[in-house]
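Remarks on the structure that follows.
The values are calculated or read from the model by the stated rules, or taken from the named source; none is laboratory data. Source: prediction; values computed, not measured. Positions of Cβ are backbone-derived with ideal geometry, glycine not excepted, and every protein chain shown enters the neighbour counts.
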Amino acid sequence: MEIEASTIRQLLMVLVEQYPRMQGHLDEGVAIAVEGEIYRDNWDRVIPPGSEVFLIPRIQGG
Amino acid sequence: MGNDPSYTNQKFKVIGSRVKRPDGIDKVTGRAKYGADHNAPGQLVGLFLRSPHAHARIKKISTARAEKLSGVKAIITCDDLPDLTNGDTEARDILENCMARGRALYDGHAIAAVAAIDEKTAKKALQLIKVTYEALPHVTDVDDALKPDAPVLHDYIYTTGVEPKPKTPSNLCNVSEFGHGDIEAGFAEADVIVEKSYKTEQVHQGYIEPHACVASVSPDGTGELWVTTQGHFSFRSVCANLLGMDVAKLKVTASEIGGGFGGKTHVWTEPVALALSRKANRPVKVVMTREEVFRASGPASSTSIDVKIGAKNDGTITAAFAALRYQGGAFPGIWAMLGAMTSFACYNLANVKALGYDVVVNRPKVAAYRAPSAPMAAFAVESTMDLLAKKLRMKPLDFRIKNAAKEGTRASYGPVYGPIGIGPTLEAVKKHPHMRARLKKNQGRGMACGFWFNFGGQTCTDLNIATDGSVTLTVGTIDVGGSRASLSLIAAEELGIPYEQVRAHIGDTGSLGHNDMTDGSRGTFSSGMATIFAARQAVEVMRARAATMWDIPVEDVVWESGQAKATGKKHRKLKALSLADIAAASPNTGGPIAGHNESVPDNAGVSFASHICDVEVDPETGATRVIRYTVIQDAGKAIHPTYVEGQFQGGAAQGIGWALNEEYIYGDDGRLQNPGFLDYRIPVCSDLPFIDTQILEIPNPHHPYGVRGVGETSIVPPLAAIGNALSNAMGVRMDHVPMSPPRILKALAQLDG
Amino acid sequence: MPMRYETPSTTREAAALLENEAGAAFVLAGGTDLLVRMKLGHIEPALLVDIKHIPAMSSITHSAKGTRIGAAVSGAELGEHKAVAKAWPGVVEATNLIGSDQVQSRCTMVGNLCNASPAADSVPAMIAAGAKAVVVSRLGRRTVPVEKIVTGPGQTSLNKGEVIEAIVLPARPSRSGDAYLRFIPRTEMDIAVVSAGVNLTLERGRVKTARVVLGAVAPTAVVVPAAARAIIGSRLDEGALEKLAAACSAACNPIDDKRGTVEYRTKVAGVLAKRAAKIAFQRAGGA
Amino acid sequence: MAAHLVSTTINGDAVEFACPADESLLSALRNRLGLSGAKEGCGTGDCGACSVTLDGRLVCSCLVLGVEANGRKITTIEGMAENGVLHPLQENFIEYAALQCGICTPGFLIAAKVLLERNPNPTETEIRYALAGNLCRCTGYDKIVRAVQASARELRQIEKRKGRKKKGKKS
C-alpha cells in the first residue's frame, strides 16, 4: 500500500486511521523497518520519499 | 539523532585499544558485589514453595500452621497479589508466572512464599504449608502439545494469525508467516529438493549466578530493590505495575551481574520479594537455589522444525520453506516467530516462506537466550543447506557464497538489507587456514552461518566533569561483559583525554531516566551512542566556558585533541586550555560541567557470523570432541577488540554445549529430572579447545563510529556447524540436538544396519 | 533438634556414637555426597560423626604384604602416594576420577563405597583388585570383600553401629596390572554412564587370572566371571577381546535414565571392558 | 548445644566464629565473616565458584562444614593480593580479559593458584583439567587458559630471578 507520511509516527497515525484494526497490532508492539533498518522506538525517524517501510513484530533479545 | 557516516572511516586515538576494565580489580579481589552479596539491616530470608506437579489444580493452600511458627514474618500466596494488570495480558502472565493463581502450570511453579528470620525457620515454614492439589493431565513436548487429544493449558488461547478464527481453545497461540515470492513456483523450478525434520531439546542460559535480590518496602509505599538484572529500569516498571506502586517511588539498584544471556531480562522472584517485604515491613532477601534456577527461571524453547529447500543444478536456490514449532513454556511467547524471522536471513531468496507456531506446554516460562530462537532455526536450515550442497555436488561453502544475501537483498523477514557482513564472513572462511588444515581418521569439518538482528532502545546517559578534570560517566545499561571499559574508551575518544581519566558507573533508577535492558546486543551500541552525544554536549559547554575565561566570542573557540583553542590571529596569544584547566575554573564560570543524552538509538545493525568447526568422534562410544573452532563475525567497529573476541568465544562455547550435551530431561511425570550442574552438562574447561576469532569490521552506517551489536550472533551457528562436522566425520546426519553420545551411537548403528 | 557433630579419635568411639544415636546418624569423611544430600533436603541427620580425627583412618600403609588405605584418606592423598599408584594404577585412577580437584581434596574411597551409588567410580576397580573392607563395631572387627558391602542403590550390608575403618588391597604379584575406564559425556565433572574395571596377572605372556567388573549397568557393580574366562589363557588377541566384550554386554542389566539408555550402556560396557583389559595387560608387561 | 565455637586461621588472621553444626563453611564465610568473595553458584560442588583452600588443599567451601574448619587454615580470594599488590594471576586475568561477568573469577583464581603452586609449568591440557571443576559460562575458557599460561611463565621467571639472587649471594 502507498501512504503519505514523512515520519514513522505520521505513518502509524495514517495507518490506524485507514485501517482501525491496526491498533491491535500496534498495542501488541511493532517495530518498523525503514530501508532495511529496524526501528523499535524512534518514531521521529524521517522516512525518505519513495522509501519502502515494513511493519514487523517487536522483537526481544537475550 | 545525529548520524554522520563519515565517522566510519575516521582515525581513532583510543577506540580499538585493549585497555584494562575499570571493574577488574574489584572482580579479581572478591570486592565486587553481586546479587547475593548485599545485606540490609534486619533482613528476612525469603523462600518459595514450588509445585511438584507438572499441571494441577490448586484446591486449597493452608498456611495457618506455618504462620504460627515462631520467626515467620510473612507468607504470600496469589491472594496477596491481586491482579492489577487491567487487561494487559503480558503483565498478567508475568504475575501468574511469579505466583500460581489457582493452577500449577509446571514443575517448579511458585505456589507460596515465606519470609522468616532465618533460612531454617523459613524452610520449616514451607514444610508446614499444606497444599491440596488435583493433578491434571500434562504435556511437555511441543509436538505432543499440538495433537488433537493434548491437554489444553489455557481456555483463553485461541490461535491467532489463522483464518478463520478457531472456535475452540488450543495450545497453539499464534501462527506467524514471513517470506515473499511464490514457493510453489520456486519448488517447481528446482532440480533438486531436500526436505528434512529436526528436533532440538530445551536448554538453559546457565549463568553461574543464581537470581538474587534484597527487597525493602516502607509503610509509606516507597521501596528499594537491590537485584541482579539485565535491566533495572524494566524491573522497576514491571514490579511497580504488578504491585500497584508508583514507578518513581521504587528505587532499583543493579548489582554486578553474574551472567544473564537473556535470563535476567525477566522478573521471577522480585515482585514476590517486594510483596513479602511489604507484608512483613522488613527487608527480605531472596536467593534462588540452582535447582530453582533450572526449574523456575526461563530456559529457551525446545523445538520441532521442518525445512524444505530446492535449488537448480547450478546451485541457485529457487525456494525455501520452514515450519517452526517452538514451545514457550506455560505462557504464550514470540519465540517461534523469532525463529521464523531469522531462519533464512542469511540468504538471497526469490521465493521463501517461514511459518512460526508458538505453542504452550507444561514447562517453565521461556525467556530470551542470546539471539533467542535463532540457533534452533539455523541448525535446521544450515543442516539442510549442507544436505542440499551434497546432492548438488557443491562444496557447502561455495553453495552458501552463491546464495548469500548482500546489500539490496530482500531479507526473508521483510526489509531490504543495507551493507551487511554475511558475504565477507564467507569469503573470510574461504581464505582461513583452518579450512585447509589436515584432518585425521574419525575427524570431520563443518561450517555454518548465523544471523541476529541486534537492536537499540531507550537510553539515558550522564557525563560529569569533576573540577580536577576527571570524568564520571553514568550509564543505565547493565555491564554484563566489560561495557564500562568500552564506554569509557568512547568518552575518552570524544573528549580527547586518556582512558584512565574516565570512570564509568551504572546508575541506579534514581539517578538516570529510563534505560532499556542490556539485551539485543545493545549495551555498548546504545550507551556508546548516548555517551558520544553526551560528551559532545559537554564539549560545547567547555567551549563556552573557555570563551568566558578568555572573554572572547564562543564562535572563536574550537575543541581539538582534548583542548579548547582560540582561532584567529587576534587570539594567537591565548594558550590552549585543557579539559582540566576548564574544569578547574568551572566553579566561577557557571558551575559544574556536564553533558547528557536521552535518546533512542535504534538501528544497531544486523550481524552475521560464519563458524568453522572440526570434531573428532569415537565411533565406539559416540563421544564427540571439538578439536578446533573458528568464529568469524562482523562487529562493525570493535571498540574493545578483546571483549568483542570474548563475546565471540563465549557464544560459541554456549553453542557447543547446546549442540553436544545440554538438555532439559523431563520424566513421564512431567517433572524435570536434571535441575543441577551435575546432570545439566555445560562445557567444562577440558571440553573445549582455544576458540579462534576473526573480527570483520563492516561499518554500521547508523552509528558515528560504525559500531554494530556483537553479543548474540555467535551462539547461532555452532549447532549446525557441529552437526555438519559430525556428518562429514561419520557419514551420519544428526537431526536431534543435543547430539549426545547415545544419539550418535544409535545413528551410527543405523548406518551400519 | 539441632544436628550434633562429633569428632571421635578412635574407630571404636566412632562406632559407639553411631550405635547409640537414635536418630539418623551418618559418617562424615569427605562429605562430597553427604553434604549434597543435606543441601538438597534428601536427609536431615541428627548426628554426624567426623572420622578425620581418627589416626587409624587417616593413613596409608603399603608394603610387600599389601596395602591399607584409611577410610578418611582423600582421593588427592591417595593419588600422591607414588608406591600405591604404581602398584594399583587402576584403583588409584578410578578414585582420582571422582569429581573435580576440589572434590578430590575431600572425597574418599570408603565414602564412595558407602554412598552405594551404582555408578561409583572406585568400586568396580576395588572389586576387580580383590579389595576388602575392614568393618569395625563396638564388638570387634570383621573383614568383608568390597563386593559384599553394597546391596543396592543407596543400601549397604553394614549394620547400625558398624563403620569401615580401611580398605585393604592384597599383595601385588609380579606381572600384574589393573585399569579402570568410565564413560562420561563431558571430559570431567560427570557421573559414570557406564564403567569397567579389569585386574589381571600374566604368566608367560598369557592371562593367568583376571577379574572384570562393570559399573553403572545394574543396581550394584557387577563381577563378570564369564568375561574373565574369555581372556584367561589368551594373549588378549582380538577374538578373546570380542568374547570379553560380549560377556560384559550380556551381564548388563541397566536402566534408561537421564544419564544413558539401556542400549547405550549395554554396548559401551563391552567397549570399555576391552579397552581397560588392554591397558591392564600392558601394565602387567604383556605385549 | 546449638552452635559450635570454631577457631580458625583465615588469610593469616586468627578468626573465631560460632555456627550451627550443619552450616557450610561457605555460608559461615559469607554470612558470618563478611567474606563474600566466594560465591554460591550451585551449593553442590559442581561449579567451583566457592573455591577456597583448606590447609593448602583446594576445596569447594559449600561442601565443607563450618565446624570442620576448627584448627585449620583457610585462604580465600580476599587473601590473594598481598598488601594491595595483586598476584600475577589476578593481574593477568584483568590483562587478558579472562573475566566477563566475573562471578566465577574468585574460584578460578584460587584453583589456578593451587595448580601453579603444585605444577609451575603445566601444559594446556593440564591447565584445562585442573580447572575443570570451575564453571565459566561467559568466556568459553579461552582467555582464562591464556591468562593462566601467562601467569605460569611470569611466576617461573620470578622464581628463576630469586634463584639467581640466592646463588649470587653464595658466591
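The single residue among D:Cys47, D:Cys19, D:Cys62 that is without any contact (Cβ under 8 Å) to a residue 40 or more places away in the chain and either in contact with a Lys or Arg (Cβ under 8 Å, 6 or more places away or on another chain) or within 11 Å of chain B (Cβ to nearest Cβ) (or both) turns out to be D:Cys62. Is there a residue being at pLDDT below 95, away from chain D (no Cβ under 12 Å) and assigned to a loop (DSSP other than H, G, I, E, B) anywhere in the stretch B:626-636? Yes; the residues of the stretch B:626-636 include at least one that is at pLDDT below 95, away from chain D (no Cβ under 12 Å) and assigned to a loop (DSSP other than H, G, I, E, B).
Flag set for C:Glu165, criterion: assigned by TED's automatic domain parsing to the domain that holds C:Ile127 and within 30 Å of C:Ser100 (Cβ to Cβ).
Residues in the stretch C:155-206 that are basic (Lys, Arg) and either buried (at least 20 other Cβ atoms within 10 Å of the Cβ) or within 28 Å of C:Arg142 (Cβ to Cβ) (or both): C:Lys160, C:Arg172, C:Arg182. None of B:Val238, B:Val272 is surrounded by 24 or more Cβ atoms within 10 Å (Cβ to Cβ) and under 25 Å from A:Gly62 (Cβ atoms) except B:Val272. Looking at B:Val716, B:Val710, B:Val732, B:Val737, just one residue is under 22 Å from the mean Cα position of the chain (by Cα), farther than 21 Å from D:Asp142 by Cβ and in the same structural domain as B:Gln649 (by TED's automatic domain parsing), and that residue is B:Val737.
Here is the figure for the stretch B:332-356: residues that are within 21 Å of the chain's Cα centre (by Cα) and either part of a helix (DSSP H, G or I) or among the aromatic types (Phe, Trp, Tyr) (or both) total 9. Here the condition is being surrounded by fewer than 24 Cβ atoms within 10 Å (Cβ to Cβ), more than 29 Å from B:Ile117 (Cα to Cα) and not assigned by TED's automatic domain parsing to the domain that holds B:Ala116; of B:Gly333, B:Gly315, B:Gly328, it holds for B:Gly315 alone. The residue that is surrounded by the fewest Cβ atoms within 10 Å (Cβ to Cβ), counting only those in the stretch D:102-135 that are in a helix (DSSP H, G or I) and of a type in the set (Val, Ile, Thr), is D:Thr125. Scanning the stretch B:426-446 for any residue that is crowded, with 24+ Cβ neighbours inside 10 Å and within 14 Å of chain A (Cβ to nearest Cβ) turns up nothing.
In the set C:Thr95, C:Thr67, C:Thr108, only one residue is of a type in the set (Ser, Thr, Tyr), at pLDDT 95 or above, over 14 Å from the mean Cα position of the chain (by Cα) and not assigned by TED's automatic domain parsing to the domain that holds C:Ala273; that residue is C:Thr67.
Residues in the stretch C:248-287 that are more than 14 Å from C:Ala210 (Cα to Cα) and in a loop (DSSP other than H, G, I, E, B): how many? Looking only at that region, the number is 10. Quick check: anything in the stretch D:19-33 of a type in the set (A, V, I, L, M, F, W, C), assigned to a strand (DSSP E or B) and touching a strand residue (DSSP E or B) at 6+ places or on another chain (Cβ under 8 Å)? Yes: one or more hits. When the stretch B:584-605 is filtered for residues that are touching a helix residue (DSSP H, G or I) at 6+ places or on another chain (Cβ under 7 Å) and assigned to a strand (DSSP E or B), the ones remaining, listed by number, are B:Ile593, B:Ala594, B:Gly595, B:His596, B:Asn597, B:Ser599. Residues in the stretch D:65-100 that are within 9 Å of chain B (Cβ to nearest Cβ), polar (S, T, N, Q) and within 27 Å of D:Val6 (Cα to Cα): D:Thr76 alone.
Taking the criterion of being within 15 Å of D:Lys73 (Cβ to Cβ) and either within 13 Å of chain B (Cβ to nearest Cβ) or in contact (Cβ under 8 Å) with a residue 60 or more places away in the chain (or both), the residues of the stretch D:1-16 that qualify are D:Val6, D:Ser7, D:Thr8, D:Thr9, D:Ile10, D:Asn11, D:Gly12.
Once the stretch B:671-686 is narrowed to residues that are surrounded by 24 or more Cβ atoms within 10 Å (Cβ to Cβ) and not in a loop (DSSP other than H, G, I, E, B), the residue that is farthest from the other protein chains (Cβ to nearest Cβ) is B:Leu672. Among strands (runs of 3 or more DSSP E) entirely within the stretch B:169-230, having at least 3 residues that are within 29 Å of B:Met337 (Cα to Cα) singles out B:172-180, B:192-200. The residue of the stretch B:135-170 that is surrounded by the fewest Cβ atoms within 10 Å (Cβ to Cβ), among those that are closer than 19 Å to B:His109 by Cβ, in contact with a strand residue (DSSP E or B) (Cβ under 7 Å, 6 or more places away or on another chain) and not β-branched (Val, Ile, Thr), is B:Ala135. Taking the criterion of being among the charged types (D, E, K, R) and away from chain D (no Cβ under 11 Å), the residues of the stretch B:687-722 that qualify are B:Glu697, B:Arg708, B:Glu712. Taking the criterion of being of a type in the set (Val, Ile, Thr) and crowded, with 24+ Cβ neighbours inside 10 Å, would at least one residue in the stretch B:538-546 satisfy it? Within the stretch B:538-546, not a single residue is of a type in the set (Val, Ile, Thr) and crowded, with 24+ Cβ neighbours inside 10 Å. Taking the stretch D:22-33 as the range and being within 9 Å of another protein chain (Cβ to nearest Cβ) and either surrounded by fewer than 24 Cβ atoms within 10 Å (Cβ to Cβ) or within 13 Å of the chain's Cα centre (by Cα) (or both) as the test, the residues that pass are D:Asp22, D:Ser27, D:Arg30, D:Asn31. For the stretch B:485-544, a residue qualifies if it is within 11 Å of B:Thr461 (Cβ to Cβ), of a type in the set (Gly, Ala, Ser), within 14 Å of chain A (Cβ to nearest Cβ) and in a helix (DSSP H, G or I), and the qualifying residues are B:Ser526, B:Ala530. Residue check: B:Asp668 meets all listed conditions (1) away from every other protein chain (no Cβ under 14 Å); (2) within 26 Å of B:Gly622 (Cβ to Cβ); (3) of a type outside the set (Lys, Arg); (4) assigned to a loop (DSSP other than H, G, I, E, B) but one, namely (1). If B:Gly414 meets every condition in (1) at pLDDT 95 or above; (2) surrounded by fewer than 24 Cβ atoms within 10 Å (Cβ to Cβ); (3) in a loop (DSSP other than H, G, I, E, B) apart from one, which number is that one? Single failed check for B:Gly414: (1). Residues of the stretch B:468-476 include none that is crowded, with 24+ Cβ neighbours inside 10 Å, of a type in the set (Gly, Ala, Ser), within 14 Å of another protein chain (Cβ to nearest Cβ) and touching a helix residue (DSSP H, G or I) at 6+ places or on another chain (Cβ under 7 Å). Of all residues in the stretch B:501-534, those being hydrophobic (A, V, I, L, M, F, W, C) and either on the phi > 0 side of the Ramachandran plot or surrounded by fewer than 24 Cβ atoms within 10 Å (Cβ to Cβ) (or both) number 2.
Name the single residue, out of those in the stretch C:18-57 being among the β-branched types (Val, Ile, Thr) and touching a Lys or Arg at 6+ places or on another chain (Cβ under 7 Å), that is nearest to C:Glu77 (Cα to Cα). Among residues in the stretch C:18-57 that are among the β-branched types (Val, Ile, Thr) and touching a Lys or Arg at 6+ places or on another chain (Cβ under 7 Å), the one nearest to C:Glu77 (Cα to Cα) is C:Thr32.
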